[in-house]
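Here is the structure we will look at, set down as structure tokens.
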Amino acid sequence: TWLGAVLGDRLSRFVDEDTRRVGKTHLGKPVVSPAELAKGDVAYLAFPVPVARAVRDRLARTSPADFVVPPEH
């Protein structure tokens, strides 16, 4: 939600694994499942680095999209 609010119109959609949210909208943008992403799509994982890495590694097994982990500081 925070990243979506910051990106505004530069954000095309939200990605969520929760099937109860997929197909709905959030902040006026569609919510899609990771399985709907295509090669070349980029999804930013706005989570603490260890969580983002785990999510990236799990989703990379089933989705061709690029999942971006925040930088470590």
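Take the alpha carbon gyration tensor of segment 1-41, find the square roots of its eigenvalues, order them as a ≥ b ≥ c, and report rounded if a/c is under 1.5; if not, report prolate when a/b exceeds b/c, else oblate. Taking the square roots of the gyration eigenvalues as a ≥ b ≥ c, segment 1-41 is oblate.
Residues of segment 1-58: accessible area per residue at 1.4 Å, in Å²? Spelled out: the 1.4 Å probe surface of segment 1-58, per residue, equals 71 Å². Taking the 1.4 Å solvent-accessible surface of the chain as the whole, the part contributed by carbon and sulfur is 56%.
Listed highest first by mean packing, meaning other Cβ atoms within 10 Å per residue, what order do 1-11, 54-64 come in?
Top of the packing list down: 54-64, 1-11.
Against the set (1) 33; (2) 28; (3) 21, the structure's computed percent of Cα pairs over 20 Å apart falls on (2). Per-residue 3J(HN,Hα) values for segment 39-47, derived from phi via the Karplus relation 6.51 cos²θ - 1.76 cosθ + 1.60 with θ = phi - 60°, read 4, x, 6, 10, 10, 8, 9, 7, 10 Hz in sequence order (x marks Gly and Pro).
The values are calculated or read from the model by the stated rules, or taken from the named source; none is laboratory data. Predicted model, so just to flag it, every value in this text is computed and none were measured. Cβ coordinates were reconstructed from backbone atoms using ideal geometry, including for glycine residues, and neighbour counts include every protein chain displayed. What goes into the accessible areas is simple: the full protein's heavy atoms, side chains included, and nothing from ligands, DNA or RNA. Shrake-Rupley method; radii C 1.70, N 1.55, O 1.52, S 1.80 Å.
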